[in-house]
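As structure tokens, the structure follows; a few thoughts come after it.
The values are calculated or read from the model by the stated rules, or taken from the named source; none is laboratory data. Please read all numbers here as calculations on a predicted model, not as lab measurements. Glycine gets a Cβ as well: all are built from the backbone with ideal geometry, and neighbour counts include every protein chain shown.
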Amino acid sequence: MSSDLMTLEEAAVELGVSRRRAQALVQSGALPAERVGARWIVSAERLRWAEHNLWREAGRPLSQRSAWRLMKQVRTTEPMSGPELDRMRRRLRSRANHLSMYVHPSQIARVRESSDVILGGRDAAQVAGAPIDISDKTDAYVRASSVEEIVREFAARPVSDEANLVLHVIDDHLWPFDPEQRYVDAWVTWLDLADSRDRAADTLLDRIVGGRS
């Protein structure tokens, strides 16, 4: 097997979790993997991505409701150190269920124009005034009840690599955005970028709070 690929058992060892926990991470999308025959195979790149976003501290992960409550505090908090920012980012992963998808590039513009989505990521960062370019990847916040229709309308399919659409799915009754809102705010945008290890995250952070303290 290529040195860039590993079995699920090997990935579990690298993450410091049980094989059963690794299987649950695959099923939830937190650990992207490909099924080859009877085995799950994980690439080193996707393992690093999962490790970057895996919440490891003791206790249960935040619920979506608690994550959005914490978000309100973050918007008014004092500047945080690098480790504090990363700890907060990991906790706030539970703000949504994050689905990595691929749509034909010709559909990206239509996704961005859809009234069913609120845009995050680089689209929202540019609106927030960060001097960055729009990429081919789109972050879109959607209601849970809209996911099936969006997937069908844009022929989106789940992928573990080379996603160009990330659907951040929020329970309908917790939808935190205003009716006329088209973009998430700067802090949520930063979370999108930092979660995907986009270097634009630091550019936006400079805009929000003057960088890491």
Fill in the blank from the handout: Val36: passes all of (1) among the hydrophobic types (A, V, I, L, M, F, W, C); (2) surrounded by 13 or more Cβ atoms within 10 Å (Cβ to Cβ); (3) over 22 Å from Asp198 (Cβ atoms) but (2)
Handout entry: Residue among Arg143, Arg112, Arg152, Arg87 that alone is out of contact with any helix residue (DSSP H, G or I) (no Cβ under 7 Å at 6 or more places or on another chain) and either modelled with pLDDT of 95 or more or over 25 Å from Arg46 (Cβ atoms) (or both)
Key = Arg152
Fill in the blank from the handout: Within the stretch 12-27, residues free of Cβ contacts under 8 Å to residues at least 12 places away in the same chain and not in a loop (DSSP other than H, G, I, E, B) come out as Ala12, Val13, Arg19, Arg20, Arg21, Ala24, Gln27
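Please find, among Ala155, Ala163, the residue that is in contact (Cβ under 8 Å) with a residue 40 or more places away in the chain, surrounded by 15 or more Cβ atoms within 10 Å (Cβ to Cβ) and assigned by TED's automatic domain parsing to the domain that holds Met101.
Details: Ala155 fails: surrounded by 15 or more Cβ atoms within 10 Å (Cβ to Cβ).
So the residue among Ala155, Ala163 that is in contact (Cβ under 8 Å) with a residue 40 or more places away in the chain, surrounded by 15 or more Cβ atoms within 10 Å (Cβ to Cβ) and assigned by TED's automatic domain parsing to the domain that holds Met101 is Ala163.
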Exercise for the section: Being touching a residue at least 40 places away in the same chain (Cβ under 8 Å), closer than 15 Å to Trp68 by Cα and of a type in the set (A, V, I, L, M, F, W, C) is the filter here, so list the residues in the stretch 87-113 that pass it. Expected result: Leu92, Ala96
Exercise for the section: Restrict the check to the stretch 167-177 and report whether at least one residue is more than 20 Å from Leu92 (Cα to Cα), touching a residue at least 40 places away in the same chain (Cβ under 8 Å) and not polar (S, T, N, Q). Expected result: no
